[in-house]
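Here is the structure we will look at, set down as structure tokens.
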Amino acid sequence: MSVQNFVAYNPTRLHFGENVVDTLGSVVKQYGKKVLLVYGKGSVKKYGYYDKVVNQLQQAGLEIFEYSGIKPNPIIEDVRLATALGKEKNVDVIVALGGGSVVDSSKIIGLGIAGDVDPWEFMTWSAKPEKTIPLVAVLTLAATGTEMNGAAVVQNHETGHKSGFVHPLNFPKDSFLDPAFTVSVPADYTAYGIVDLIAHSLEAFYGAGEPSVVDRITTDIIKDAMEWGPKLMNDLSNVELRANIMLDATLALNGLTNYGKVSGDWGVHGLGHELSLLYDLAHGATLSMAYPAWLRLHKDRIPNRIQKMGQLLFNTNDVDDAINQLEAFFEKIQSPVRISKGGKETNKSEVLNQWNRNQVSGMNHKLSNTDHEKLVELMY
Ligand code: NZQ
Ligand code: ZN
């Protein structure tokens with residue numbers, strides 16, 4: 001069956017467009033009086049988004065407590081500290097102001113506040129979450145799709161894991177996406193965001209199930225990003241181009257590309273997460289390193305599928321040409337396509353050991369230790 005049985009669920013109310021944040025206060029007010037405002041290392045203050053959000057919350061008469069300092073590739077320590085603050089202040093609702101790292105952390109902070117166990121226990125399924133508190137996201141970076149999905153990714157350096165946790169309780173209640181909040185994203189993270197949304201589409205494409213219409217939708221999302229992405233890289237403050245990419249990113253991972261499928265694959269994300277954990281490489285950068293290599297590993301295993309990607313994306317029947325064109329696109333927007341070009345000191349055998357240790361694999365296409373060996377060679 002090309003169309004697999006599936007269940008679709010998405011409870012997030014999306015507020016998209018310029019000045020949508022003008023209604024933030026009234027929306028958050030529905031969920032209570034005490035707000036935990038979570039943000040990152042300071043970009044939101046520097047570029048004025050913090051002031052806009054705080055004004056809204058104050059005008060609505062809400063009491064605000066803040067947790068700041070969430071780092072890219074967020075860590076469980078911050079989640080724990082923010083959870084403790086939220087419990088102490090007895091907050092009713094979380095407002096996450098930032099990119100994927102802030103929103104993901106806030107999802108687990110919500111579970112932590114409503115629960116009675118160490119939040120990492122949710123990430124490992126050692127504890128089953130029963131409830132959460134409402135989460136409202138104000139997104140400042142187009143990339144992850146976290147604004148409209150049930151996933152959260154957090155690192156734990158003690159245990160040596162970067163884990164993804166997917167649960168219906170994780171969906172934000174409301175997400176506010178004003179493309180003007182993303183004009184300050186620097187060139188490198190803009191490129192990583194474009195890579196990330198393309199990678200999400202490909203993870204879906206290489207998942208189990210091949211529904212014809214969804215193959216078309218999924219590759220059209222990629223084509224849209226490939227059309228507007230390079231233009232945006234030359235015109236970073238262009239709100240219209242930012243809006244195109246922001247919508248692409250949401251659509252790439254809000255469930256749509258999984259319709260008619262059993263699952264996505266997510267092997268490439270697994271490979272990338274271990275690189276972020278080891279070397280603090282940006283998420284999108286790890287994906288532009290891993291995707292061409294993964295495709296080269298699989299070109300004799302799933303030639304027809306890769307050929308279909310090539311036909312839909314690049315109008316080519318040649319599998320090698322398709323992979324090369326994808327890699328060339330990543331290079332064009334200056335996202336690194338080799339680990340050795342990622343700007344960090346890395347170690348090949350350390351990478352391999354980490355992949356083996358955590359048995360990195362895909363849900364649809366399994367990866368063995370021998371595959372890891374081939375992949376590490378292809379990626380250096
Ligand atoms: O910390 P601040 O100062 O805010 O700076 C951030 C950070 O340095 C900066 N930034 C964000 N918005 C900005 C801005 N700078 C200027 N102007 C703005 N408007 O950008 C840097 C990166 O932020 P981050 O939140 O880490 O980026 P992203 O949105 O790419 O999130 C990456 C995280 O999400 C996870 C990744 O693994 C990674 O940990 N993912 C989450 C997914 C999900 N929940 O569905 C799926 C993804 O595959 C991914 O795994
Ligand atoms: Zn991703």
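The values are calculated or read from the model by the stated rules, or taken from the named source; none is laboratory data. All values derive from a computational prediction rather than experimental measurement. Reconstructed Cβ throughout: ideal geometry from the backbone, glycine too, with neighbour counts over all protein chains shown. Remember, those area values only see protein heavy atoms, side chains included, never the ligands or the DNA or RNA. Shrake-Rupley method; radii C 1.70, N 1.55, O 1.52, S 1.80 Å.
Quick grid of which residues meet (1) of a type in the set (S, T, N, Q); (2) in contact with a strand residue (DSSP E or B) (Cβ under 6 Å, 6 or more places away or on another chain):
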{"residue": "Thr12", "(1), (2)": "yes, yes"}
{"residue": "Ser26", "(1), (2)": "yes, no"}
{"residue": "Lys45", "(1), (2)": "no, no"}
{"residue": "Tyr49", "(1), (2)": "no, no"}
{"residue": "Leu81", "(1), (2)": "no, no"}
{"residue": "Val95", "(1), (2)": "no, yes"}
{"residue": "Gly99", "(1), (2)": "no, no"}
ask   = Taking the stretch 261-292 as the region of interest, how many residues are open to solvent by 30 Å² or more (accessible area, probe 1.4 Å), within 13 Å of ligand 2 (Cβ to nearest atom) and under 22 Å from Ile217 (Cβ atoms)?
value = 1
inquiry  = If I filter the stretch 215-234 down to residues being over 20 Å from Asn315 (Cβ atoms) and out of contact with any helix residue (DSSP H, G or I) (no Cβ under 6 Å at 6 or more places or on another chain), which single residue comes out as farthest from ligand 1 (Cβ to nearest atom)?
reply    = Asn234
ask   = For Asn258, all conditions in the list (1) open to solvent by less than 20 Å² (accessible area, probe 1.4 Å); (2) over 13 Å from the mean Cα position of the chain (by Cα); (3) within 15 Å of ligand 2 (Cβ to nearest atom) hold save one; what is the number of the exception?
value = (1)
message = Gly86 - would you say it is buried (at least 24 other Cβ atoms within 10 Å of the Cβ) and either farther than 22 Å from His283 by Cα or of a type in the set (D, E, K, R) (or both)?
response = yes
ask   = Given the structure, is Gly42 farther than 19 Å from Val154 by Cβ and either of a type outside the set (Phe, Trp, Tyr) or touching a residue at least 60 places away in the same chain (Cβ under 8 Å) (or both)?
value = yes
task = Only residues that are more than 7 Å from ligand 1 (Cβ to nearest atom), open to solvent by less than 10 Å² (accessible area, probe 1.4 Å) and hydrophobic (A, V, I, L, M, F, W, C): list them for the stretch 174-198, please.
result = Phe176, Leu177, Ala191, Ile194, Val195, Leu197, Ile198
ask   = Somewhere in the stretch 96-108, is a residue in a helix (DSSP H, G or I) and open to solvent by 20 Å² or more (accessible area, probe 1.4 Å)?
value = yes
ask   = Somewhere in the stretch 100-108, is a residue over 15 Å from Gly40 (Cβ atoms) and more than 16 Å from ligand 2 (Cβ to nearest atom)?
value = yes
